[in-house]
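Heads up: the structure comes next, in structure tokens.
Laboratory data are not the source of any read-out in this text; all were calculated from the coordinates shown. The structure displayed is predicted, hence computed values, not measured ones. Quick reminder, even Gly has a Cβ in these numbers, built from the backbone with ideal geometry, and neighbours come from all protein chains shown.
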Amino acid sequence: MTRMRHLARIHTILRKNLESITNQIERACNASSRSPDDVQLIAVTKYAEWEWVQALAELHSAFGESRPQLLAERQPKLPEIYWHQIGRLQRNKARLAVRHANVIHSVDSLQLLQRLSRLAQEGGRSVELLLQVNITGETSKSGFEPKMVLDSWATITQCVGPHAKLTGLMTIAPLTHSSESARPVFAQLAKLQQQLNNQGRSPPLTELSMGMSGDFDVAIEEGATMIRVGRSLFEGLRADHST
């Protein structure tokens, strides 16, 4: 296969997958009486080859990276893309995330929240922050306990500096064979968002980052405004890449 044909095939597969995901988003929105415009698809590129990422940048504009080092490598090459830091973030990598991400989804402690806010102020760079909430209490996942967020909401909001915007919540549902089993997790995160907003903070939380390739339709039905999709988006490319 020539290089030109190889790249054309990558574009074709990505375009087909993106269309399929967009159709799924529309169906989930129709089922919950929502507008597809209210849901942002974040293309998770952490396992994607660079040529796939470059090709996708011609079709889509919101990417998510898990590793700050890879984010720092790729963001300057595609500065027109709106970059999301979605993976667990160690405090010693916080500076990279603030420098290269527009949105950080994985704020899982007060200490990290304070550090990100301080770094944003020092760098004069505005960044959106989402609190990661461990709805299920799984020890394998990081994040705030829901009760802790509710009980300490005033303290949490005071940790946010002028260059950081606390805009929403994020969670990761357990891996299961049925997307329906994730519904209670997503519903609980949406309920927590409402409870926090009822406390009268201004501006209110508007973002719910929840749902991945296997369960984003259910997440949308429960109120997701951001879905993080990687596997479904790049399906079919791994075999093509090996040829």
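Structural remarks
- Gyration tensor (Cα) of the stretch 97-243, equivalent ellipsoid semi-axes in angstrom: 27, 21, 13
- Computed over the chain, the per-residue total of -39500 (n - 2.57) for DSSP H runs of n ≥ 4 gives a 222 nm mean residue ellipticity of -12500 deg cm²/dmol, rounded to 500.
- Within a Gaussian network of the chain (alpha carbon springs, distance under 10 Å), most fluctuating of GLY124, GLY168, GLY211: GLY124
- Note on THR12 and ARG118: the model spin-label points, each 7 Å out from Cα along the C-beta direction, lie 5.4 nm apart.
- The modelled label-to-label distance between GLU235 and GLU49, using points 7 Å beyond Cα along the C-beta direction, is 2.0 nm.
- Total charge dipole magnitude, the chain, about the Cα centre, Cβ charges on Lys, Arg, Asp, Glu only, Debye to nearest 20: 740 debye
- Translational diffusion coefficient (Stokes-Einstein; Kirkwood radius from C-alpha pairs) of the stretch 134-188 at 25 °C, 0.890 mPa s, in µm²/s: 188 µm²/s
- Distance between the C-alpha centres of the stretch 145-222 and the stretch 39-100: 22 Å, rounded to the whole angstrom.
- Efficiency of FRET between SER152 and ASN198 - r from beta-carbon atoms, R0 22 angstrom, step 0.05: 0.90
- Anisotropy class of the stretch 73-123 from Cα gyration tensor, a/c 1.5 cut: prolate
- In the calculated pair-distance distribution of the stretch 15-81, the portion above 20 angstrom amounts to 35 percent of the Cα-Cα pairs.
- Cleavage-rule hits, GluC sites (Glu not before Pro), the stretch 42-78, DSSP coil, Cβ neighbours within 10 Å at most 11: GLU58
- Binned Cα-Cα distances of the stretch 1-150, short to long, each 5 Å bin given as a whole percent: 2, 9, 16, 16, 16, 16, 13, 8, 3, 1, 0, 0
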